[in-house]
1. Given N residues in region A:153-223, what is Rg(Cα) / (2.2 N^0.38 Å)?
2. Jot down the per residue volume, in cubic angstrom and as a whole number, of the convex hull over the alpha-carbon atoms of chain A.
3. How large is the helix-only mean residue ellipticity at 222 nm for chain A, computed as the sum of -39500 (n - 2.57) over DSSP H runs with n ≥ 4, divided by its residue count, in deg cm²/dmol to the nearest 500?
4. Just to verify a number: FRET efficiency for residue B:174 and residue A:94, C-beta to C-beta distance, R0 = 30 Å, to 0.05?
5. Who wins for biggest fluctuation among B:129, B:154, B:112 in a Gaussian network model of chain B, springs between alpha carbons below 10 Å?
6. With each pseudo-label sitting 7 Å past Cα toward Cβ, what's the residue A:243-residue B:1 distance in nm, one decimal?
7. Using Cα pairs under 8 angstrom and six or more residues apart, how large is the relative contact order of region A:54-278, in percent?
8. Taking the inverse of the average 1/r across all pairs of different Cα atoms in region B:49-254, what Kirkwood radius in Å do you get?
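Please treat every number below as a calculation from the coordinates, not as lab data. Worth saying up front: this structure is predicted, and the values here are computed from it rather than measured. All Cβ positions, glycine included, derive from the backbone under ideal geometry; neighbour counts span all protein chains shown.
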């Protein structure tokens, strides 16, 4: 067998140059100063101080986290029954159902948002149908607000939650649940005391994954929030591509990065524990 | 009750994609229910617009090269990661998968700054290399999954019959793991073809892949030409997914 260095070399070089180096450069930039479009390489904490002392940016950070939390809880509530079904079903349709669950992942994010725009717009399918039947007079505010953003985020990230949960639920021994019920537990109590605790690692892993994806989403808030819902990734985009304040944009990016790395570290530990719990 | 909940979640997942496809074939300017009649005029408009055709060509081209490069760097790496016994293998494995874990907006921002300093910003190369960084991990994942199941004794048998290690790999191993490699290549193509976030930071007015063109179009107009573009892209991905499903089965592919 050829030495591992030769086999791994091209990929590792590619990633070090075009993935690690750019991130390190961004980290350095976030400690630099900017004046009149010129970046001065002089170590300073000015950018971070600006972020954490301005109520506007702190407010955006707060809104981002709230949006992430809402999307996560909603994904959990909708994903759990689906994962349960997918893990247990013996249906011949199962491959088809799996494609259905994965479908949001396989279709570009702009297209998914556009689908929701067709449904939720003022003259969209839902409002038009309701008005035509005379059930409402004015269109419901379904889009260009936090509701529309949450619905689309939920759609985009539900598959991740379902896949995390299905992995755990599939390995859960159905006899445990039967045993609890044979011993007199009601189905609800058996679920709460047996299934739910045993699927906790999957819940944790799925939630962390969805949360970290939701707080870094950017296309959904722009298209369905119509710039009325401000989130941290939008600030990063504006600072980098419109204001051209790279040090401040980089500092914003690192606030987001720090949050994500923290969540990913928890995620990895949670999935490891999930796997250990099964063995 | 569980059944009703499950069915409604499936409907929720499918609905936005279904309305996009329906709107693409609908004659009216706004999609209503019931539809206002069948029409292909939005597709005609899509194919007649130069900017969409250029974007489609660029996306196809870019996705094909991304797929080829991802396999070229990803396949050897996954061989080393599955078979190699060396220190730091787990750490390396985590490192090569890390582009999947990092939000793409961060990768995009970092690459934009990096390429600008290099003077490569808004070039085809920048776009291509950025895409390979995020697609190579998928090739590693699918290739590794099939490599784990491969019986190393087959390769040893070939070598004891006189084949060189390289020949044994190309004639025996590659033949057996081919489905996983091809599935990875298809997936890399699909990811690149659909990629929006990374492309946004690496494109210019002259260099716009299809998702970026669609996004720009949607910011100013709402007409169903966008639906035709989307339905077309959904069709492309559907064909690719069916290909993956035939090659390796979706359960293994989804990782459970």
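1. Cα Rg divided by the expected 2.2 N^0.38 Å: 1.44.
2. Details: hull volume 60.1 nm³, N = 279.
Per residue, the Cα convex hull of chain A comes to 216 Å³.
3. Theoretical 222 nm ellipticity from helices: -23000 deg cm²/dmol.
4. 0.45
5. Taking springs between Cα atoms under 10 Å, the residue moving most is B:154.
6. 5.0
7. 27
8. Computed over region B:49-254, the radius equals 18.6 Å.
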